[in-house]
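A short reminder: the numbers here are calculations on the coordinates, not readings from a lab. Keep in mind the model is a prediction, meaning the values are calculated, not measured. Methodologically, a virtual Cβ is constructed for each residue, glycine included, from the backbone with ideal geometry; neighbour enumeration extends over all protein chains shown.
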Ligand SMILES: Cc1cc2nc3c(=O)[nH]c(=O)nc-3n(C[C@H](O)[C@H](O)[C@H](O)COP(=O)(O)OP(=O)(O)OC[C@H]3O[C@@H](n4cnc5c(N)ncnc54)[C@H](O)[C@@H]3O)c2cc1C
């Protein structure tokens, strides 16, 4: 009976039962969703909210599964966001405003925008996942964060079914953080589905080049004023050389956030470990390289069962084949303890553990 009440009268069914989630998470961890609803348009969210049974059950929103660690079969109804659409919404004298459906692959949006002549997202090329998840942890790479380009986000409340447009100013963006990830007062984690995202790409385009690896590319090639397309290509090259391809080795990208400490704390750590890699931040705090600390504790290549620390980059945990979520979590906890033991710093995980 469940199917008839939620599935639309025409078109493919939205609700599926007993769905294998292994292909839907980039770590390739095993789990089965009792109920999964495909969200192909905003109205599908309201169908779920209005459904007499599904409306009352807890829900988990799934994008591309590139920032989650599945440790068990989820009890929640899984809402798999697949809303399509890419378009130029408006061209203003000072910016292009583009809009994408939450289910569009992030990299597809970046590629499309460059090809259409709307530059500004090139530094974020090749980040896995969907457009709808990008604001959740304010994705960032190579000197650019999503918040630098976000105009507004369309959301639907999972309790009331009410739609709202949230401008960037209310999204409480921080380092790998936003209101969509926060659970405290006013936090929207798990409460709202992002259905559509708009970006503001400033004119005239200015390249973001301050990052060491990009400077190295400029020096190597002798190109001192690269185009957006050139930066896009460089970023893709750099990332392919550095990070494991989830299509070949299961992983969720950086497993830990880089901890941010005060100058005083940093001085203390440097006193003990002069080699520690660190970056001064504009607000006077210091960002420490978590990967360096994990490597310094001797974790590169170490494993718990089939979950291992990537040989080329200690910040990334990988699936050597048939790893289980529990093995990934045990490995992560052991790393956190040893980093705390040596540096007195508690590493925070970046992916959502569930
Ligand atoms: C190889 C690799 C490299 C990576 N590199 C980077 C990087 O450079 N920078 C970076 O910031 N991240 C990086 N990541 C992490 C990841 O790609 C991003 O966090 C991405 O935005 C996650 O998107 P997703 O669709 O896979 O989200 P999922 O993993 O499906 O979900 C992540 C979280 O977002 C929520 N969510 C998903 N969709 C929605 C929605 N429509 N509405 C509301 N909530 C939603 C989920 O409930 C969950 O809490 C990398 C990951 C991998 C595997």
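Values as computed for the structure displayed
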item: Residues of region 89-122 that turn out to be farther than 18 Å from residue 153 by Cβ and not in a loop (DSSP other than H, G, I, E, B), as a count; result: 10
item: Residue identified as part of a strand (DSSP E or B) and either without any contact (Cβ under 8 Å) to a residue 12 or more places away in the chain or within 16 Å of the ligand (Cβ to nearest atom) (or both) among 314, 308; result: 308
item: Qualifying residue in region 48-55 (condition: assigned to a loop (DSSP other than H, G, I, E, B), within 13 Å of the ligand (Cβ to nearest atom), touching a residue at least 40 places away in the same chain (Cβ under 8 Å) and buried (at least 17 other Cβ atoms within 10 Å of the Cβ)); result: no
item: Residues of region 211-255 classified as under 26 Å from residue 64 (Cβ atoms), more than 9 Å from the ligand (Cβ to nearest atom), surrounded by fewer than 17 Cβ atoms within 10 Å (Cβ to Cβ) and free of Cβ contacts under 8 Å to residues at least 60 places away in the same chain, total; result: 5
item: Residues of region 194-210 satisfying the condition of being over 15 Å from the mean Cα position of the chain (by Cα) and within 12 Å of the ligand (Cβ to nearest atom); result: 195, 196
item: Residue list for region 339-354, restricted to those being surrounded by fewer than 17 Cβ atoms within 10 Å (Cβ to Cβ) and in a helix (DSSP H, G or I); result: 340, 341, 342
item: Residues of region 65-87 classified as surrounded by fewer than 22 Cβ atoms within 10 Å (Cβ to Cβ) and near the ligand (Cβ under 6 Å from one of its atoms), total; result: 1
